[in-house]
Every structure is written in structure tokens, then in C-alpha cells.
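Note sheet for the following structure.
The values are calculated or read from the model by the stated rules, or taken from the named source; none is laboratory data. Because the structure is a prediction, the values reported are computed rather than measured. Note that each Cβ is placed from the backbone with ideal geometry, even for glycine, and that neighbours are counted across all protein chains shown.
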Amino acid sequence: MASLFVSLGRSLVKLLIALPVIIGLSISSPAMAAQWDAETLTVPASPGGQQVTFSEADIKAGSKLFKGNCGTCHNAGITKTNQNVGLDPETLALATPARDNVDALVAFMKDPSSFDGEYSIADTHPSTSSSDIFVQMRNLNDDELSQIAGYILTAPKVMGPNQWGGGKIYF
């Protein structure tokens, strides 16, 4: 009978130690679900300052399209061929023309130009204008391009600035 109480006592001590650890991990876990509020889903629509609010379904569709069409070279918003040019909002704003809004990103996906805007890179960067070379772009329509742009602009808000477009120092 005494060994039963000793065994129960040990089990209770282990439970009392494990329970706070389990509760702490569940509360402070970095893999918490994204908060899909209006602020997170609202991004610049055009250079003029207009805003657009995407739906959660649009962003999820944009994420899937991005990963299927752009993710090979731009996983997590970095640019594998040039880590100095990420898809973070700050870098997109420095491009010429600025690519930190939906309209500009859609225009870029249709006919891409160099970061300084001096020449076309449609021969080397997937776009709808070069869909004969980059067949994955062949069937994308304007709504899908907008969803991809929406995903690119909301991802830093959801993932955090160090996990989206952060460059090679974070990977």
C-alpha cells in the first residue's frame, strides 16, 4: 500500500512540473495563427495612396499562387539570385518605379524591369509577357496577379519583417 502512495506521489510531482511547461509553450509558441484583421489585410493599391482590403481567401489563394509560380526564386520573400533585392516593403519602395503597391506589382509581373527601371528583364524573369518562355505564367489572369501582389504585401505583416524578405542573414 505504501508503494502505491509513493508511486502516486512521484506521478503527481512529474505532472506538477510538466503542466506549467506545457501551458507556457502553448501560450508563447511562435507558430501562433495569423490574425486576419482588416489592418493586416489592407495594403496600398496604387502609388497615389489608395488602399485595398483583401479577403482571407484572396491572401490564401495568393499564397498558393506565389509558392507555385514565384516561390522557387523568392522563397519567403528573398531573391535567391540577388539577396540584396528582397520582396520586403522597404526594398520594393526603393525600386524604380516603386513596387510597394498592388498596381505596381501587377505591372511588374506583366512586364518586369530592372530594379532601377532602366531595361526590361522579361527574358530572364517570369512574366505574362514572356509566358512562351515561362509557361507557369501563361494562365494567370489579372485577379490572380492581384492576389499574388496582395500576398507579397501582407506576408511581412503576418510573418514579421525578419522572416519575409530578410535576406540571406536569416536563413
Considering (1) farther than 20 Å from Ile59 by Cα; (2) surrounded by 13 or more Cβ atoms within 10 Å (Cβ to Cβ); (3) not charged (D, E, K, R), say which one Pro161 fails and leave the rest. (1)
Exactly one of Pro89, Pro97 is over 16 Å from Gly71 (Cβ atoms) and crowded, with 20+ Cβ neighbours inside 10 Å, and that one is Pro89
Gly62 fails exactly one of (1) modelled with pLDDT of 95 or more; (2) more than 22 Å from Ser129 (Cβ to Cβ), namely (2)
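Results for (1) at pLDDT 95 or above; (2) in contact with a strand residue (DSSP E or B) (Cβ under 6 Å, 6 or more places away or on another chain); (3) charged (D, E, K, R), shown as yes or no for each residue.
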{"residue": "Leu105", "(1), (2), (3)": "yes, no, no"}
{"residue": "Phe108", "(1), (2), (3)": "yes, no, no"}
{"residue": "Asp111", "(1), (2), (3)": "yes, no, yes"}
{"residue": "Glu118", "(1), (2), (3)": "yes, no, yes"}
{"residue": "Ala122", "(1), (2), (3)": "no, no, no"}
{"residue": "Ser131", "(1), (2), (3)": "no, no, no"}
{"residue": "Phe134", "(1), (2), (3)": "no, no, no"}
{"residue": "Met137", "(1), (2), (3)": "no, no, no"}
{"residue": "Leu145", "(1), (2), (3)": "yes, no, no"}
Pairs, please: C-beta under 9 Å, at least 6 apart or cross-chain, first residue of a type in the set (A, V, I, L, M) and in region 134-147, second assigned to a loop (DSSP other than H, G, I, E, B) and surrounded by fewer than 17 Cβ atoms within 10 Å (Cβ to Cβ)? Met137/Ser131; Leu140/Ser131
If you take just the helices (runs of 4 or more DSSP H) that sit entirely in region 52-135, which of them hold at least 1 residues that are under 12 Å from Tyr151 (Cβ atoms) and of a type in the set (Asp, Glu)? 56-69
Against the conditions (1) crowded, with 18+ Cβ neighbours inside 10 Å; (2) of a type outside the set (Asp, Glu); (3) over 23 Å from Trp36 (Cβ atoms), where does Ser131 fall short? Just the number, please. (1)
